[in-house]
Amino acid sequence: MNLLPLPAFSDNYIWLLHNGRQALVVDPGDAAPVQAALQTHGLQLQAILVTHHHADHVGGVDALRTATGAAVYGPAFETLPEPVTRVDASTTLSLLGLTWQVLEVPGHTAGHIAWYSADAEGGPILFCGDTLFSGGCGRLFEGTPEQMHASLQLLARLPGNTRVACAHEYTLSNLKFACTVEPSNTALLQYRAHCETLRQQQRPTLPSLLAQELAINPFLRCDVIEVVHSAQSFRPDLISQNPASVFAALREWKNAF
(Lines give C-alpha, C1' and ligand atoms only; values in the text may rest on other atoms or scores of the structure.)
Protein backbone atom coordinates (compact mmCIF):
# COMPACT_ATOMS: atom_id res chain seq x y z
CA MET A 1 0.00 0.00 0.00
CA ASN A 2 1.43 3.38 -1.03
CA LEU A 3 0.68 6.66 0.74
CA LEU A 4 1.46 9.80 -1.27
CA PRO A 5 1.16 13.47 -0.25
CA LEU A 6 0.17 15.49 -3.33
CA PRO A 7 1.10 19.18 -2.88
CA ALA A 8 -1.68 21.66 -3.68
CA PHE A 9 -2.07 25.44 -3.38
CA SER A 10 0.64 26.95 -1.17
CA ASP A 11 0.78 24.43 1.68
CA ASN A 12 -1.97 21.79 1.32
CA TYR A 13 -1.44 18.07 0.98
CA ILE A 14 -4.03 15.93 -0.78
CA TRP A 15 -3.45 12.37 0.40
CA LEU A 16 -3.54 9.54 -2.15
CA LEU A 17 -3.51 5.94 -0.93
CA HIS A 18 -3.20 3.19 -3.53
CA ASN A 19 -2.41 -0.50 -3.98
CA GLY A 20 -0.98 -0.21 -7.49
CA ARG A 21 -4.38 -0.57 -9.13
CA GLN A 22 -7.01 1.32 -7.17
CA ALA A 23 -6.78 4.44 -5.07
CA LEU A 24 -8.61 6.63 -2.62
CA VAL A 25 -8.01 10.32 -2.15
CA VAL A 26 -8.58 12.52 0.89
CA ASP A 27 -9.68 16.17 0.83
CA PRO A 28 -9.03 16.99 -2.85
CA GLY A 29 -9.20 20.76 -2.86
CA ASP A 30 -7.85 20.72 -6.41
CA ALA A 31 -8.55 17.98 -8.97
CA ALA A 32 -5.49 18.57 -11.14
CA PRO A 33 -2.73 17.05 -8.95
CA VAL A 34 -4.94 14.04 -8.26
CA GLN A 35 -5.69 13.46 -11.94
CA ALA A 36 -1.99 13.76 -12.74
CA ALA A 37 -1.07 11.19 -10.07
CA LEU A 38 -3.78 8.77 -11.23
CA GLN A 39 -2.45 8.97 -14.77
CA THR A 40 1.21 8.66 -13.76
CA HIS A 41 0.60 5.56 -11.65
CA GLY A 42 -2.14 4.02 -13.82
CA LEU A 43 -4.70 4.04 -11.02
CA GLN A 44 -8.48 3.86 -10.84
CA LEU A 45 -9.99 6.18 -8.22
CA GLN A 46 -12.31 4.15 -6.01
CA ALA A 47 -13.31 6.71 -3.37
CA ILE A 48 -13.05 10.32 -2.27
CA LEU A 49 -12.93 10.88 1.50
CA VAL A 50 -13.75 14.32 2.92
CA THR A 51 -13.02 15.56 6.45
CA HIS A 52 -14.78 18.94 6.37
CA HIS A 53 -16.39 21.50 4.11
CA HIS A 54 -13.69 24.15 3.53
CA ALA A 55 -13.01 24.95 -0.12
CA ASP A 56 -9.35 23.92 -0.03
CA HIS A 57 -10.54 20.44 0.91
CA VAL A 58 -13.53 19.97 -1.40
CA GLY A 59 -12.84 22.21 -4.41
CA GLY A 60 -11.85 19.31 -6.67
CA VAL A 61 -14.54 16.85 -5.60
CA ASP A 62 -17.02 17.52 -8.42
CA ALA A 63 -14.40 17.32 -11.17
CA LEU A 64 -12.92 14.08 -9.81
CA ARG A 65 -16.32 12.46 -9.34
CA THR A 66 -17.32 13.38 -12.89
CA ALA A 67 -14.04 12.19 -14.39
CA THR A 68 -13.72 8.92 -12.47
CA GLY A 69 -17.13 7.94 -11.09
CA ALA A 70 -15.58 7.60 -7.63
CA ALA A 71 -17.89 7.45 -4.62
CA VAL A 72 -17.72 10.41 -2.24
CA TYR A 73 -17.96 10.00 1.55
CA GLY A 74 -18.15 12.95 3.91
CA PRO A 75 -19.31 14.22 7.30
CA ALA A 76 -22.99 13.90 8.12
CA PHE A 77 -23.54 17.47 9.26
CA GLU A 78 -21.63 19.69 6.84
CA THR A 79 -22.50 21.28 3.51
CA LEU A 80 -20.65 19.37 0.77
CA PRO A 81 -20.81 18.99 -3.02
CA GLU A 82 -23.62 16.53 -3.66
CA PRO A 83 -24.11 13.65 -4.15
CA VAL A 84 -22.21 12.39 -1.11
CA THR A 85 -22.67 9.42 1.20
CA ARG A 86 -22.93 10.82 4.73
CA VAL A 87 -20.94 9.18 7.53
CA ASP A 88 -20.60 9.53 11.30
CA ALA A 89 -19.02 7.75 14.24
CA SER A 90 -21.25 4.72 13.69
CA THR A 91 -19.87 4.23 10.16
CA THR A 92 -17.38 1.56 9.13
CA LEU A 93 -16.32 1.27 5.49
CA SER A 94 -14.22 -1.24 3.54
CA LEU A 95 -12.06 0.48 0.91
CA LEU A 96 -8.90 -0.82 -0.77
CA GLY A 97 -9.24 -3.93 1.36
CA LEU A 98 -8.90 -1.88 4.55
CA THR A 99 -11.45 -1.17 7.27
CA TRP A 100 -12.05 2.54 7.85
CA GLN A 101 -13.51 4.00 11.03
CA VAL A 102 -15.01 7.49 11.17
CA LEU A 103 -14.04 9.64 14.17
CA GLU A 104 -16.08 12.74 14.98
CA VAL A 105 -13.64 15.55 15.85
CA PRO A 106 -15.48 18.90 16.01
CA GLY A 107 -13.50 22.06 16.67
CA HIS A 108 -12.02 23.40 13.45
CA THR A 109 -15.50 23.06 11.97
CA ALA A 110 -18.67 21.92 13.71
CA GLY A 111 -18.97 18.64 11.83
CA HIS A 112 -15.31 17.79 11.19
CA ILE A 113 -14.45 14.09 10.98
CA ALA A 114 -11.27 12.03 10.71
CA TRP A 115 -10.69 8.74 8.91
CA TYR A 116 -8.77 5.94 10.65
CA SER A 117 -7.63 2.51 9.48
CA ALA A 118 -5.98 0.21 12.01
CA ASP A 119 -5.08 -2.55 9.55
CA ALA A 120 -3.08 -0.66 6.93
CA GLU A 121 0.20 -2.18 5.83
CA GLY A 122 3.04 -0.24 7.42
CA GLY A 123 0.99 0.82 10.42
CA PRO A 124 -2.33 2.52 11.15
CA ILE A 125 -3.26 5.61 9.15
CA LEU A 126 -5.13 8.69 10.38
CA PHE A 127 -6.45 11.26 7.92
CA CYS A 128 -7.25 14.09 10.31
CA GLY A 129 -7.80 17.07 8.01
CA ASP A 130 -7.30 20.31 9.93
CA THR A 131 -7.78 18.94 13.45
CA LEU A 132 -4.30 17.71 14.41
CA PHE A 133 -1.17 19.08 12.73
CA SER A 134 2.41 18.09 13.37
CA GLY A 135 3.36 20.26 16.32
CA GLY A 136 0.00 22.04 16.34
CA CYS A 137 -3.74 21.94 15.78
CA GLY A 138 -6.33 23.69 13.64
CA ARG A 139 -7.89 27.06 14.32
CA LEU A 140 -11.33 27.10 15.91
CA PHE A 141 -13.61 28.50 13.23
CA GLU A 142 -16.87 26.87 14.35
CA GLY A 143 -16.19 24.83 17.48
CA THR A 144 -15.21 25.61 21.06
CA PRO A 145 -11.88 25.06 22.83
CA GLU A 146 -13.55 22.35 24.92
CA GLN A 147 -14.68 20.53 21.76
CA MET A 148 -11.28 20.74 20.12
CA HIS A 149 -9.48 19.60 23.25
CA ALA A 150 -11.82 16.61 23.50
CA SER A 151 -11.29 15.84 19.79
CA LEU A 152 -7.52 15.91 20.21
CA GLN A 153 -7.75 13.65 23.25
CA LEU A 154 -9.77 11.18 21.17
CA LEU A 155 -7.00 11.10 18.58
CA ALA A 156 -4.33 10.89 21.29
CA ARG A 157 -5.75 7.53 22.39
CA LEU A 158 -4.95 5.89 19.05
CA PRO A 159 -1.88 3.62 18.83
CA GLY A 160 1.46 5.40 18.95
CA ASN A 161 2.54 4.02 15.57
CA THR A 162 -0.41 5.69 13.84
CA ARG A 163 0.71 7.73 10.84
CA VAL A 164 -0.74 11.23 11.17
CA ALA A 165 -1.60 12.41 7.65
CA CYS A 166 -2.83 15.96 8.16
CA ALA A 167 -3.70 18.36 5.39
CA HIS A 168 -1.15 21.19 5.65
CA GLU A 169 2.62 21.67 5.73
CA TYR A 170 2.52 23.90 8.79
CA THR A 171 5.12 21.95 10.73
CA LEU A 172 7.99 24.44 10.98
CA SER A 173 5.80 27.35 12.07
CA ASN A 174 4.04 25.07 14.57
CA LEU A 175 7.36 23.90 16.00
CA LYS A 176 8.58 27.48 16.40
CA PHE A 177 5.59 28.10 18.65
CA ALA A 178 6.00 24.75 20.42
CA CYS A 179 9.61 25.61 21.30
CA THR A 180 8.43 28.89 22.81
CA VAL A 181 5.92 26.99 24.95
CA GLU A 182 8.23 24.16 26.00
CA PRO A 183 11.85 25.22 25.37
CA SER A 184 13.44 22.50 27.51
CA ASN A 185 11.79 19.62 25.60
CA THR A 186 14.75 17.75 24.09
CA ALA A 187 12.56 15.58 21.86
CA LEU A 188 10.97 18.73 20.46
CA LEU A 189 14.33 20.37 19.71
CA GLN A 190 15.55 17.23 17.94
CA TYR A 191 12.35 16.92 15.93
CA ARG A 192 12.50 20.58 14.90
CA ALA A 193 16.05 20.11 13.58
CA HIS A 194 14.94 16.99 11.69
CA CYS A 195 11.98 18.79 10.09
CA GLU A 196 14.13 21.78 9.14
CA THR A 197 16.45 19.40 7.29
CA LEU A 198 13.51 17.81 5.47
CA ARG A 199 12.18 21.17 4.33
CA GLN A 200 15.63 22.34 3.22
CA GLN A 201 15.58 19.26 0.97
CA GLN A 202 12.05 20.20 -0.18
CA ARG A 203 10.68 16.99 1.36
CA PRO A 204 7.40 16.75 3.32
CA THR A 205 7.52 16.56 7.11
CA LEU A 206 4.40 14.39 6.94
CA PRO A 207 3.07 11.96 7.83
CA SER A 208 4.14 12.28 11.43
CA LEU A 209 3.68 9.54 14.03
CA LEU A 210 1.24 9.93 16.89
CA ALA A 211 3.90 8.91 19.43
CA GLN A 212 6.05 11.74 18.10
CA GLU A 213 3.19 14.20 18.48
CA LEU A 214 2.52 13.10 22.04
CA ALA A 215 6.15 13.88 22.82
CA ILE A 216 6.37 17.32 21.18
CA ASN A 217 2.96 18.84 20.40
CA PRO A 218 1.92 21.34 23.11
CA PHE A 219 -1.77 20.95 22.25
CA LEU A 220 -1.50 17.28 23.24
CA ARG A 221 0.54 18.11 26.35
CA CYS A 222 -1.77 20.44 28.25
CA ASP A 223 -1.15 18.55 31.50
CA VAL A 224 2.65 18.91 31.34
CA ILE A 225 3.82 21.37 33.97
CA GLU A 226 6.09 23.44 31.69
CA VAL A 227 3.25 23.79 29.17
CA VAL A 228 0.88 24.83 31.96
CA HIS A 229 3.30 27.44 33.27
CA SER A 230 3.88 28.84 29.78
CA ALA A 231 0.13 29.14 29.23
CA GLN A 232 -0.15 30.96 32.55
CA SER A 233 2.64 33.33 31.54
CA PHE A 234 0.60 34.25 28.46
CA ARG A 235 -2.64 34.45 30.43
CA PRO A 236 -1.79 35.52 34.01
CA ASP A 237 -5.51 35.29 34.82
CA LEU A 238 -5.45 31.55 34.01
CA ILE A 239 -5.90 30.12 37.49
CA SER A 240 -7.25 26.71 36.54
CA GLN A 241 -4.76 24.06 35.45
CA ASN A 242 -7.56 22.07 33.84
CA PRO A 243 -6.11 20.80 30.52
CA ALA A 244 -9.05 22.20 28.52
CA SER A 245 -8.43 25.66 30.00
CA VAL A 246 -4.72 25.37 29.27
CA PHE A 247 -5.57 24.35 25.71
CA ALA A 248 -7.80 27.41 25.28
CA ALA A 249 -4.99 29.70 26.42
CA LEU A 250 -2.48 28.01 24.11
CA ARG A 251 -4.82 28.29 21.12
CA GLU A 252 -5.42 31.99 21.83
CA TRP A 253 -1.66 32.51 22.13
CA LYS A 254 -0.98 30.65 18.87
CA ASN A 255 -3.56 32.76 17.04
CA ALA A 256 -1.53 35.87 17.85
CA PHE A 257 1.92 34.30 17.61
Work out, step by step, the length gained on full extension between ASN255 and VAL224: first 0.36 nm times the residue separation, then minus their alpha carbon distance; give nm to one decimal. 9.1 nm
Long-range amide H partners of HIS168 with built H, under 5 Å: TYR13
For PRO75, what charge total do you get from the other residues with a beta carbon under 10 Å from its beta carbon, if Lys and Arg give +1 and Asp and Glu give -1? -2
How would you rank 116-123, 214-221, highest first, on the average number of other Cβ atoms within 10 Å across their residues? 214-221, 116-123
With label points set 7 Å from each Cα along the Cα-to-Cβ direction at ASN161 and GLN44, the distance between them in nm comes to 3.2
³J(HN,Hα) computed for each position of the stretch 79-93 - Karplus, 6.51 cos²θ - 1.76 cosθ + 1.60, integer Hz, glycine/proline x: 7, 9, x, 7, x, 9, 7, 7, 10, 8, 5, 8, 8, 10, 10
Identify the chymotrypsin sites (Phe, Trp or Tyr not before Pro) of the stretch 1-46 meeting these criteria: DSSP loop state and at most 16 other C-beta atoms within 10 Å of the C-beta. PHE9
The chain, relative contact order [Cα under 8 Å, separation at least 6], %: 13
The local net charge around VAL61, scoring Lys/Arg +1 and Asp/Glu -1 for residues other than VAL61 whose Cβ lies under 11 Å from its Cβ, equals -3
Student exercise, the stretch 182-257 dipole from Lys, Arg, Asp, Glu Cβ charges, in Debye to nearest 20: 260
So what J values fall out for the stretch 245-257 if you push phi through Karplus, 6.51 cos²θ - 1.76 cosθ + 1.60 with θ = phi - 60°, rounded to Hz, Gly and Pro as x? 5, 4, 4, 4, 5, 4, 5, 5, 5, 4, 4, 9, 6
With a 1.4 Å probe and all protein chains left in place, how much of the accessible area of the chain comes from carbon and sulfur atoms, in whole percent? 51
If you average the alpha carbon positions of the stretch 28-58 and of the stretch 197-249, how far apart do those two centres end up, in angstrom? 31
Quick one: which residues, 5+ away or cross-chain, put their amide H under 5 Å from the amide H of PHE9? H built at 1.01 Å from N. none
For THR171, net neighbour charge (Lys/Arg +1, Asp/Glu -1) across residues whose Cβ lies under 12 Å away: 0
Per-residue HN-Hα couplings for the stretch 113-129, Karplus 6.51 cos²θ - 1.76 cosθ + 1.60 at θ = phi - 60°, whole Hz, x for Gly and Pro? 10, 10, 10, 9, 10, 7, 10, 6, 4, x, x, x, 10, 10, 9, 10, x
Just to verify a number: what accessible area does VAL164 come out at with the full protein assembly present, 1.4 Å probe, Å² rounded to tens? 0
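The values are calculated or read from the model by the stated rules, or taken from the named source; none is laboratory data. Since the model is a prediction, treat every value here as computed from it, not as a measurement. Positions of Cβ are generated from backbone atoms using ideal geometry, with glycine treated the same way; all protein chains shown enter the neighbour counts. Just the protein is used for accessible areas: all its heavy atoms, side chains included, with ligands, DNA and RNA removed. Shrake-Rupley method; radii C 1.70, N 1.55, O 1.52, S 1.80 Å.
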